[in-house]
Each structure stands twice: as structure tokens, then as C-alpha cells.
Amino acid sequence: MSKSEKIILGIDPGTTIMGFGLIKVVGKKMEFIQLNELLLTKYKDHYVKLKLIFERTIQLIDTYKPDEIAIEAPFFGKNVQSMLKLGRAQGVAMAAGLSREIPITEYLPKKIKMAITGNGNASKEQVAKMLQSLLGLKTLPKNLDSTDGLAAAVCHFYNSSRVEIGTSYTGWEAFVKQNSPQAPKGGAQRSNTVIDLRKKKN
């Protein structure tokens with residue numbers, strides 16, 4: 001693949017449904033590759049779900065060889081247990097990407113909605129319809145978790161040319177230091193976070 005081409009994997013992590021989408025960027029244009037979902041409703045054990053999320057993410061990486069990963073950050077809700085489970089799901093998906101040394105960027109849901117529709121409070125349906133128009137999708141899936149994953153990838157495409165995309169990490173040690181309780185206040189609260197473990201080739 002030439003330097004002007006890259007593949008972006010977008011992930012919407014969840015313990016009920018994990019949505020994902022892939023796009024290919026050629027120059028300044030994007031092409032649709034795939035969107036799908038991993039259904040986890042039939043599994044009662046939370047740890048089994050985390051294992052499946054990790055394995056599916058690794059499978060996607062090894063199959064499509066994405067150059068970058070965009071992941072939707074968990075939103076802050078009132079249900080602490082739900083937030084904890086979502087955070088774990090996101091962490092497992094991130095760990096899969098980190099294990100393959102792929103740069104990861106994290107986006108808040110409002111940031112993704114704003115990038116796709118121009119409205120940070122847009123509904124899942126509005127985001128899906130806009131993606132359908134942008135990428136020429138013939139049909140939309142029944143569950144819109146996969147379009148949420150695709151939206152993360154498209155959001156990253158729109159933001160990739162901007163300098164203020166986030167904070168870069170050179171490895172596990174830097175990542176842990178930045179996100180540990182001892183890190184400077186606000187260090188783990190950025191809306192976008194970039195984790196890049198790949199060594200510069202030049």
C-alpha cells in the first residue's frame with residue numbers, strides 16, 4: 001500500500017454489541033470496506049465477553065491490517081457498573097491494538113457526531129443516514145452499533161490532517177504514566193488520545 005493510502009479501523013466498544021467499521025483512505029478520499037458487529041448478548045460471563053472482544057479485534061487487525069484505529073470513548077453516565085463494563089470493553093479493544101503496535105485515537109461520542117453530522121447531539125439514526133450518504137451504502141444494518149464504529153473511523157479521517165488531534169505515546173510506559181492516578185490533573189481526561197507504539201522508520 002502506498003504512503004497516500006491507509007486503512008482505518010473504527011470501533012464502538014460494548015459488552016452487549018461491539019460495532020466496527022473499516023474505511024480505506026486514498027489521498028483525500030475515503031472508500032468503504034466493511035461494517036459489522038460482534039453480538040455478545042448470549043454470553044452471561046463478563047470476562048468471556050472481554051476475551052471475545054479482544055480476539056475479534058485481533059482478528060480484524062490481522063485480516064485487514066489497519067494503519068490506524070479510532071475508538072469511541074465511554075460516555076459518562078449515572079450507572080457506575082455500566083460505565084465500568086464499557087471502560088473494560090474499550091480497554092480490551094485498545095490492548096489488542098497496542099499488542100499489534102497500531103496507533104490508537106480515542107474520540108468522545110459528541111466529537112464523532114459533530115464530525116459526521118455537524119451536530120454533537122445527533123441521534124444514531126442521523127449519524128447512520130449521513131454515513132450512508134457519504135460512503136454510498138446501499139442498506140443500513142438493523143443494529144446501528146456497527147455504524148457507530150464506522151463513524152469513529154470517518155471522524156478520524158476528518159481529523160487526521162489536524163495538528164491538535166491529541167497526545168502521542170511512545171510506548172506502554174508512557175501510556176501508563178500518563179493515565180495513572182499520579183498523572184497531572186487532566187492528563188487522562190482529554191477528548192482525543194493518540195497512542196502510537198510504532199518506531200519511526202525514517
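The values are calculated or read from the model by the stated rules, or taken from the named source; none is laboratory data. None of these values were measured; they are calculated from a predicted model. Glycine gets a Cβ as well: all are built from the backbone with ideal geometry, and neighbour counts include every protein chain shown. Note: areas computed on protein heavy atoms with side chains; ligands, DNA, RNA excluded. Shrake-Rupley method; radii C 1.70, N 1.55, O 1.52, S 1.80 Å.
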Problem set entry | Within the stretch 65-151: Cβ-based charge dipole about Cα centre, in debye rounded to nearest 20 (Lys, Arg +1; Asp, Glu -1) | 300
Problem set entry | Two-site label geometry, Lys42 and Glu55: point separation in nm, points 7 Å out along Cα→Cβ | 1.3
Problem set entry | Residues of the stretch 26-157: accessible area per residue with a 1.4 Å probe, Å² | 53
Problem set entry | Rounded accessible area of Val154 (nearest 10 Å², 1.4 Å probe) | 0
Exercise. What's the carbon and sulfur percent of the stretch 1-85's accessible surface, probe 1.4 angstrom, rounded to a whole number?
Worked result: 56
Problem set entry | Surrounding net charge for Thr15, when Lys and Arg each add one and Asp and Glu each subtract one, Cβ distance under 10 Å | +3
For this session: Pop a pseudo-label 7 angstrom from the Cα along the beta-carbon direction at both Lys138 and Ala95 and give the gap in nm to one decimal.
Result: 3.9
Seminar exercise, completed: The answer for chymotrypsin sites (Phe, Trp or Tyr not before Pro) in the stretch 62-92 that fall in a DSSP coil and have at most 11 neighbouring Cβ atoms within 10 Å is Phe75, Phe76
For this session: Count the lysine pairs in the stretch 1-85 whose Cα atoms sit under 27 Å apart, keeping only pairs 8 or more residues apart in sequence or on different chains.
Result: 22
Problem set entry | the stretch 1-96 - percent relative contact order, Cα under 8 Å, separation 6 or more | 33
For this session: Could you pull the accessible area for Thr63 with a 1.4 Å probe, rounded to 10 Å²?
Result: 90
For this session: Once you have the Cα-Cα distance between Ser82 and Glu5, take 0.36 nm times their residue separation minus that, and quote the gain in nm to one decimal.
Result: 24.0 nm
For this session: Lys and Arg at +1, Asp and Glu at -1: add these up for the other residues within a Cβ distance under 13 Å of Ala122 and post the number.
Result: +3
Exercise. Excluding same-chain residues fewer than 8 positions from Lys142, which aspartates and glutamates have a Cα within less than 12 Å of its Cα?
Worked result: Glu37, Glu125
